1. Given 4 °C and 1.567 mPa s, how large is the Stokes-Einstein diffusion coefficient of the range 34-176 in µm²/s, with Rh as the Kirkwood radius over Cα pairs?
2. Can you work out the FRET efficiency for the pair S60 and M1, with r the C-beta to C-beta distance and R0 = 25 Å, to the nearest 0.05?
3. What is the angle, in °, between the Cα long axis of helix 12-24 and the longest principal axis of the Cα atoms in the chain? Nearest 10 is fine, range 0 to 90.
4. What FRET efficiency comes out for S227 versus A16 if R0 is 25 angstrom and r is the Cβ-Cβ distance? Round to the nearest 0.05.
5. For the pair T74 and A142, what calculated FRET efficiency results from E = 1/(1 + (r/R0)^6), where r is the Cβ-Cβ distance and R0 = 25 Å, to the nearest 0.05?
6. Sort 2-15, 103-116 for me by packing, meaning the mean count of neighbouring Cβ atoms within 10 Å per residue, highest on top.
7. Looking at the chain, how many pairs of lysines come closer than 21 Å at the Cα, when each pair is eight or more places apart or spans two chains?
8. Quick check: pseudo-label points 7 Å beyond the Cα along Cα→Cβ at Q130 and V217, how many nm apart are they?
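Values quoted throughout were computed directly from the atomic coordinates according to the rules given, and no laboratory measurement underlies them. Here the structure is a predicted model, which is why all the values come from computation and not from measurement. So basically every Cβ, Gly included, is an ideal-geometry build from the backbone, and we count neighbours across all protein chains shown.
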Amino acid sequence: MPTRVLLVEDEPKVSAFIRRGLEEEGYAVSVAYDGAMGARLALEQEVDLLILDVILPGQSGLDVLRAVRAQNQTLPVLLLTALGTTQDKLLGFDGGADDYLVKPFDFAELLARVRALTRRRDRSVAKGSQLSLADLTLDTAAKTVVRAGQPIKLTAREFNLLELLLRHQGRVLSRGEIAEHTWEESFDAGSNVIDVYVNYLRNKVDKGFDQKLIHTVVGMGYVLRLSA
Ligand code: CA
């Protein structure tokens, strides 16, 4: 499966140039031309890397970064900007950016950074060790789950469900998608088995904590994120 890049860049020439270059390297690229659309796509689509221009019409890239980080702390983000001052870089890193590239740049340099950021992600997934959100951590190798320092015991099915939600944190998963990844036997779409298991999981992961992590999106499915 190709690595999926979401590019948020309002200048058509620049976005076309980056898109063409990345597609030639085998990346799947989608483009948003303003901040609001960028934030929406970053949270709704499955994306492996976000390339974010800072100066955008409406919401700035830093606003988009804040909105994305409120829901998803693991998506790698590369900021692009013409502003190369230390102050701007610090603002970007404070906002949760992973890397920073000052315009104008060579495509080779962009590509090297894109590779480094997505390789880091591949490694963490391949090593399969830790997935986390806020104070919740799941270790896929040790098969352990810890919240706020306390171990949580899950059944195999609950563990698989939580792993799926963590891997796709910030994105709403439909019951069908959850069934496809978590249930091996055939799944009766009319049954409420997914809701039952999500409730089991909630009782173990969220009960007793002020900050709920598993949320129901009415009519759509379930999502793991910091706020409803
Ligand atoms: Ca711009």
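1. 78
2. Once rounded, the FRET efficiency stands at 0.20.
3. In the chain, helix 12-24 runs at an angle near 60 degrees to the longest axis.
4. The pair S227/A16 has a calculated efficiency of 0.10.
5. 0.85
6. 2-15, 103-116
7. The number of close lysine pairs in the chain is 10.
8. The modelled label-to-label distance comes out at 2.8 nm.
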